[in-house]
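J.: I am attaching a structure below and will ask some questions about it afterwards.
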Amino acid sequence: MQRRKEPALGWSLLAVAVWLASLAAGTLVGSPSLQHGVLTASTCVAALAVWARVRCRAEQRAAWSCFAVGLSGYAAGYAVLFYAPGLQRLGPGALNLSDCFSLLLYPGVVVGSALLLRERHGGRRLRALLDGGTVVTAVAALLLQWAAHAYPELVAAPALTVFLTIIYPVAVSALAVSMLAGVLGAPGRPGLQWWLLIAGFSVMSLGELAFMAQLAAGTFTFGTPLDAAFAAGPLGAALAAWARTDPPAEAAPRPVVGVTLPVLATVAALIVLADRGTDLPAAAIMLAVVAGLLAAARTVLFVGQEQTLVARTLEAATDPLTGLLNRRALLTCLTERLGGPGPTTLVLVDLDRFKQVKDSLGHVVGDDLLVQLSKRMSHVCPSDAVVARLGSDVFAVVVADTARQSLTLGAELVEVLAKTVSTGEHRVSVGASVGLATSTGAQALEPLELVRRADVALYRSKQERVEVEAWRPELDVRARDRLTLVADLRAALSSDGQLMVYLQPKCDTLTRRIVGFESLVRWKHPSRGMVAPDEFVAATERAGLMPRLTEKVLHLTLVEAAALKRDGRSVPLAVNVSAPDLLDVGFAGRVAAALEEHELPASVLRLEITETVVMSDPARVLTTLGLLTRLGIRLSLDDYGTGLSSLSYLRTLPVDELKIDRSFVARITTDQASKLIVTSTITLAHGLGLAVVAEGIEDEQTLQALADAGCDVVQGYLLGRPAPACDLVWPDPAREQVLDREPVAVPTLTR
């Protein structure tokens, strides 16, 4: 895109040329009339340059509009002064129209500068405003004091004459100093834009001070090089208007530099107030008082900000729920303790089953549980221990003990956290897994390395169901092995041949005829051979790859379903889905597309979900399940009985089948409680119009007991192990019509 031409540069260069002409006219020619024209032209061109910038650039338009108005008034003042003397007199005394116009420069530049500084100071605008006000009023008071001492006859003139004589040098000097204070107190370094403004108005300030001195001595006349200084401020503004805009400051403010000028200004105000050597103008005293009040307000603000900073620092280091230290504060504590000579042990505690409690009973109960358990931990730990909360249900304890001593503390923590907690109307209990790592003075570790080791030990504790585990070097080998496994799994998901599905028959309880299959994923690793499903499925969940794995299994399952359909054996195949699948709003659409790709009806597919999946986000999961059922896909509730709110979800879930968990089925012939749970579940499901599947059938006695209880479908090693579809040997179709209970009526594996 071609950049739009900007005339501001041309006007700025023209302003420089005219200003140089003004300087040359005063130096070489010394003609007052020529100097009048050049000075008026210089200020007019500077105002036009800023107006051009306002017109062609949208950024900082409000600020530069204020500059333009002020410069226009200043130029109009010179035009009236030199070329319209008949309009000068407005009233008694020295008040005239040229001064009224010229004085517009200062409020315009002050407001414009404040708007520009507001962008640099960001959230510190009030502080900057108070600092700037202190500097302006103190400098003005100090200049008035100086004028009263240096030019007493000038100060003794009529009030209006004194005002119009002193206001120009006082105002422009205070303005230049306040600009310098504002940019030095802001974050980052001031750019060219600000240096041009400060330089221009500083030169103008010197010129105005020289003007006041010559006026008091009665030697001032137009037509000297001093006249060029009167236009230096407008010239600086014209050049700054063209200069590149300063980028947003990312650096922190420089407190020493930013506070120096306000402090000096406060001292100057006190000097003015302490002056008793001569009669000061009332304006000087008033300005010094205002400067003192602004400095006091700045002090109050500073104290308040410091108190807020202390409170925020404390909040930043504290967990808001439990009042314990957070992760950042824990790392700071470890940094301090690991530098000592003695051992330091980090104990990580992960609550078991906390998510189920929170999802089932709500966040209020979950938060109350965390608070009570954190108090228990603090009570058990030694007095010099540091207890912190690192995450939702992960805590940390730093103790000055060896690993052997800390194992005892870990066991005590597990014991106390396992005790029942009363929260509201509920009594709940959770377990805990503990991992720890120790750093000795001789082999001090970095804080993050100690945390990593403790985390590795904690992972081992949870995976192996060991209550307390201490880090040892071989655990790192296993951790690296897990990382390698995840990398290999990503490659397997992107390729063909490694991942496959095995089919396990689901049979009618009475006839033992196959009524469906459950599709179970298997991984044949190129170098490791067959990887246990529990191992790689857990790694898939931790790596966030479950959606990709489900998509792969769904594709492989539908391939088998299409093959069965071609062989005339069209039975539904079940696929397990996870929480990330059902939380994805596009999951139902992808399932429909997969069925269409393989030219299969929805009736060949059944999806199995668990209560834990539903409780991850009931509203979103139910929405996805509704979309799936409208496609004609049937749903099963898997692992029934192991969750915390089965009955409540049975009323709302669009399932047509319950699968009783094997933990109950395996004990149905030996444990009366398990038998009662199974039989009552079957009765409840039939009453709700749901079919019942029992999994984990491994002997004839269990199968007979389920048949007597009215179970509809059974699944287990007795009836068929998971196997590739090509390895299943189907029975004679004629035998499938016989209502017997002989195991030969189901497919067997070829060996």
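J.: Once phi is turned into θ = phi - 60°, what whole-Hz ³J(HN,Hα) does the Karplus curve with 6.51, -1.76 and 1.60 give for every residue of segment 41-50, x standing for Gly and Pro?
T.: Result, ordered by residue: 4, 4, 5, 5, 5, 4, 5, 5, 4, 6 Hz.
J.: While we're on this one: Just for segment 514-657, what percent of DSSP beta bridges are antiparallel, to the closest 5? Don't jump to the answer; show the numbers that get you there.
T.: Working: 3 of 15 bridges.
Within segment 514-657, antiparallel bridges account for around 20 percent of the total.
J.: Further question: Grab the beta carbon distance between HIS363 and SER680, set R0 = 22 Å, and tell me the FRET efficiency rounded to 0.05. Spell out each step's value before the answer.
T.: Values: r = 32 Å, r/R0 = 1.43.
Computed FRET efficiency for HIS363 and SER680: 0.10.
J.: Just to confirm the filter: which GluC sites (Glu not before Pro) across segment 404-442 are DSSP coil and have at most 12 other Cβ within 10 angstrom of their Cβ? Kindly include the intermediate steps, with their values, before the conclusion.
T.: Details: sites: GLU412, GLU415, GLU425; in loops: GLU425.
Hits after loop and neighbour filter: GLU425.
J.: Separate question: Of the peptides 557-570, 713-726, 394-407, 484-497, how do they stack up when ordered by the mean number of other Cβ atoms within 10 Å, highest first?
T.: Descending mean neighbour count gives 394-407, 713-726, 557-570, 484-497.
J.: Given the pairs LYS462/LYS552; LYS565/LYS675; LYS358/LYS506; LYS358/LYS524; LYS524/LYS659; LYS565/LYS659, which are separated by over 32 angstrom at their Cα positions? Present the calculation step by step, with values, prior to reporting the outcome.
T.: Numbers: LYS462/LYS552 28 Å; LYS565/LYS675 38 Å; LYS358/LYS506 34 Å; LYS358/LYS524 38 Å; LYS524/LYS659 28 Å; LYS565/LYS659 25 Å.
Pairs exceeding the cut-off: LYS565/LYS675; LYS358/LYS506; LYS358/LYS524.
J.: Taking 7 Å along the Cα-to-C-beta vector as the label spot, tell me the SER603-LEU688 distance in nanometres, rounded to one decimal.
T.: 2.5
J.: Follow-up. Under a plain spin-label model, where a point goes 7 Å from the Cα along Cα-to-Cβ, how far apart in nm are ARG721 and THR402?
T.: About 4.8 nm, to one decimal.
J.: Give me the extension gain from THR511 to VAL371: residue separation times 0.36 nm, minus the current Cα-Cα distance, reported in nm with one decimal. Let's see the in-between values first.
T.: Values: separation 140, 0.36 × 140 = 50.40 nm, distance 5.52 nm.
Value of the extension gain: 44.9 nm.
J.: Once both labels are modelled 7 Å past Cα along the beta-carbon direction, what's the SER663-VAL380 spacing in nm?
T.: A separation of 2.2 nm, rounded to one decimal place.
J.: Further question: Which of the aspartates and glutamates could a cross-linker bridge to LYS419, judged by Cα under 14 Å and excluding same-chain residues fewer than eight apart?
T.: ASP352
J.: Would you mind calculating the gained length between ALA58 and THR623 on full extension (0.36 nm times residue separation, minus the Cα-Cα distance), in nm to one decimal?
T.: Details: separation 565, 0.36 × 565 = 203.40 nm, distance 4.77 nm.
Working it through step by step, the gained length comes to 198.6 nm.
J.: Now a separate question. Multiply the residue separation of VAL466 and THR670 by 0.36 nm, subtract the distance between their alpha-carbon atoms, and state the gained length in nm to one decimal.
T.: Values: separation 204, 0.36 × 204 = 73.44 nm, distance 2.82 nm.
The span from VAL466 to THR670 would gain 70.6 nm if fully extended.
J.: Follow-up question, since we're still on this one. If packing is taken as the average count of other Cβ atoms within 10 Å, what order do 654-665, 462-473 fall into, highest mean first? Present the calculation step by step, with values, prior to reporting the outcome.
T.: Working: 654-665: 21.2, 462-473: 15.9.
Peptide ranking by packing, descending: 654-665, 462-473.
J.: Taking the highest mean first, how do the peptides 590-597, 577-584 order by number of other beta carbon atoms within 10 angstrom per residue? Display every interim value, and only then the final one.
T.: Details: 590-597: 15.5, 577-584: 19.9.
Descending mean neighbour count gives 577-584, 590-597.
J.: Go ahead and run the numbers for FRET between THR335 and ASP476, Cβ-Cβ distance against an R0 of 22 Å, rounding to 0.05.
T.: Numbers: r = 22 Å, r/R0 = 1.02.
Once rounded, the FRET efficiency stands at 0.45.
All of the numbers you see were taken from the coordinates with simple rules; none came from a lab. Every value quoted in this text rests on a predicted model; they were computed, and no experiment measured them. All Cβ positions, even for glycine, are placed from backbone atoms using ideal geometry, and neighbour counts span all protein chains on display.
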